């Protein structure tokens, strides 16, 4: 399964059912929010759905995200020094690149070959299913800002 690219809520409902979950308004709202804003924190998701579903709580959003993550419908990303982020792009073993200045996070397709992209030198008896890589650096706008600051000195 890859990024959900499905505009119709009926199709989103089918995705929720296919993941073995009951279709509810909060689940559809969370999934729609993640479709429109990948790499969102639970707080961002809550802010995005509370207007549509005023009775929804932050705790309910966390519960939906946990259920979606366990069912493989959503991927949880844990960047250093940041809250957990969630996205609908699952099952393709893609990676991420993170700006250490502004926190922007972008997808990076698999680095080399098929999943898992990287093979450890010693598995210690583990069977490896995936490799998760987060590249860090400065995004283009932050690089430009740094160059302006350096030239001003």
Helix 25-36 sits off the longest principal axis of the Cα atoms of the chain, rounded to the nearest 10 on a 0 to 90 degree scale, by 30 degrees
Taking Cα atoms only, helix 58-71 is inclined relative to the longest principal axis of the chain by an angle, in degrees rounded to 10, of 90 degrees
Expressed to one decimal in nm², the mean projection of the alpha carbon convex hull of the chain is 12.4 nm²
With a Förster distance of 35 angstrom and the Cβ-Cβ distance between residue 138 and residue 17, calculated FRET efficiency to the nearest 0.05 equals 0.25
The helix 9-18 Cα axis meets the longest alpha-carbon principal axis of the chain at an angle in degrees, between 0 and 90 and rounded to 10, of 90 degrees
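Taking every eigenvalue of the Cα gyration tensor of region 9-77, multiplying by 5 and rooting it, what semi-axes result, largest first, whole Å?
On the way: eigenvalues 56, 36, 24 Å².
Semi-axes from the Cα gyration tensor: 17, 13, 11 Å.
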Here the equivalent ellipsoid of region 93-152, derived from its Cα gyration tensor, has semi-axes (largest first, whole Å) of 33, 11, 8
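Give the percent of DSSP beta bridges with both residues in region 93-152 that are antiparallel, rounded to the nearest 5. Before the final figure, lay out each step's value.
On the way: 4 of 8 bridges.
Within region 93-152, antiparallel bridges account for around 50 percent of the total.
Any read-out appearing in this document is the output of simple, stated calculations on the displayed coordinates, not a laboratory observation. What you see is a predicted model, and the numbers here were worked out from it, not measured in a lab. A quick note on method: Cβ atoms are made from the backbone with ideal geometry, for glycine too, and the neighbour counts reach across all protein chains shown.
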